[in-house]
Amino acid sequence: MHIPVLLKESIKSLNIKKNGIYIDATFGSGGHSKEILKKIGKNGTLYAIDRDPESIKIAKNIKDSRFHIIQGLFSNIFKYCKKFKILKKINGIIVDLGMSSIQLNNKKRGFSFKKNGPLDMRMNQKEGISASQWLINSNQQKISHILKKYGEERYAKQIAYNIVKNNKKNPIINTYQLSKIILHSTPYQKKNSSRRSFQAIRIYLNNELNELKKFLNNIINILAPNGKLCIISFHSLEDRIVKQFMFKNSRKIPNLPISIPLTEKELIKINIKKNILKIYKKIFPSKKEILYNSRSRSAILRIAKLKK
Ligand SMILES: C[S@@+](CC[C@H](N)C(=O)[O-])C[C@H]1O[C@@H](n2cnc3c(N)ncnc32)[C@H](O)[C@@H]1O
């Protein structure tokens, strides 16, 4: 079972209206969606998105005429809103980034270094290549770059060297093979020394940070006035992107090239015409939630509202 993170806090911050239109951009196993369905009235609507066919199977069990599930990428949110004729009508969007426990706990998916299984790591196994295939196809430099960039792994070079060396003799096809190599390449000697490298490969293969950036680029054009955006992130790479997006769009004075000569009055005029975000205080899980669900320990909920 997947235990939804910051459930009460995120639903409260959506400020749900009975007749509103909401989007859960990361359905997972539906923890947040089910809560939204409880709060909207009979004329409310909830659209949910997930890229993982396993999540779509779960969603299809929800028999509720107010609920619509979309299999696809949340970076396509503008396209979906256009298709359903709900552009600029969305009263709230929730995004709960990362993996769900149904992905992590299924050893056949290859996300967990704690369970032995095929080294896959794709959120949709019908798209792209598996982690194993990627490691076989890539050179040391490329692997090292990814481990550093998305895992902030100090021993990226050494790990990449040993991955390539091993792949030449005996291709790495399962998770335990990879974590053994990582363990031998680093001085950590801890059970979770593979965490950073597994995270890096997963983020890269699923194009997670670009997905988030593309998604955010559409937000201003799909939210209704006063519409809320609630994003739960789990590591600093994601959170930095969310934070920068919110700050950039909440600035009083827009970013303009220095060469454009405008007076302060003119700048304020532009600002009045601009749809900008109001940012709320970020929320962390309580000690109680972390004790109950250790997966929540690194979560941060950021909230913004599109001003009228
Ligand atoms: C942390 S889980 C969401 C859990 C959900 N809130 C719940 O309570 O059950 C994240 C989900 O987002 C999906 N996901 C991740 N990136 C995505 C993307 N770019 N487009 C669509 N779905 C994505 C994953 O497949 C996963 O099911």
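None of the figures in this text is laboratory data; all of them are computed from the coordinates on show. Bear in mind that the values here come from a model prediction, so they are computed numbers and not experimental data. Every residue, glycine among them, receives a Cβ derived from its backbone with ideal geometry; neighbour counts consider all protein chains shown.
Worth a mention:
- Most tightly packed first, judged by the mean number of other beta-carbon atoms within 10 Å of their residues, the peptides 297-303, 135-141 read 297-303, 135-141.
- Trypsin sites (Lys or Arg not before Pro) within region 188-247, DSSP loop, no more than 12 other Cβ atoms inside 10 Å: LYS190, LYS191
- When you restrict to C-alpha pairs under 8 Å that are six or more residues apart and normalise by the size of region 124-205, the relative contact order lands at 38 percent.
- Estimated from helical segments only, the mean residue ellipticity of the chain at 222 nm is -12000 deg cm²/dmol, where each DSSP H run of four or more residues counts as -39500 (n - 2.57).
- Estimated translational D of the chain in µm²/s (Stokes, Kirkwood radius over Cα pairs; 10 °C; 1.306 mPa s): 76
- Contour excess over end-to-end distance, with Cα ends at LYS149 and LYS60 and 0.36 nm allotted per residue: 28.4 nm
- Here region 222-249 is scanned for amide nitrogen atoms under 20 Å from the site 7 Å beyond the Cα of TYR188 along Cα-to-Cβ, giving 234-239.
- Relative contact order [Cα under 8 Å, 6+ residues apart], the chain, whole percent: 19
- Diffusion coefficient, µm² s⁻¹, Stokes-Einstein with Kirkwood Rh over alpha-carbon pairs of region 124-205 at 20 °C and 1.002 mPa s: 172
- Ratio Rg/Rh [Cα only; Rh per Kirkwood] for region 112-254: 1.07
- Rh by Kirkwood over Cα pairs, then Stokes-Einstein D for region 102-148 at 0.890 mPa s and 25 °C, µm²/s: 215
- Placing R0 at 30 angstrom, the Cβ-Cβ distance between ILE129 and LYS34 gives a FRET efficiency of 0.35 after rounding to 0.05.
- Taking each residue as 0.36 nm, the span from ASN139 to LYS18 lengthens on full extension beyond its C-alpha to C-alpha distance by 38.2 nm.
- Separation in nanometres of the label points that stand 7 Å from Cα toward Cβ, at LYS281 and ARG297: 2.5
- Hydrodynamic radius (Kirkwood) for region 1-98, which is based on Cα pairs only, to one decimal in Å: 13.3
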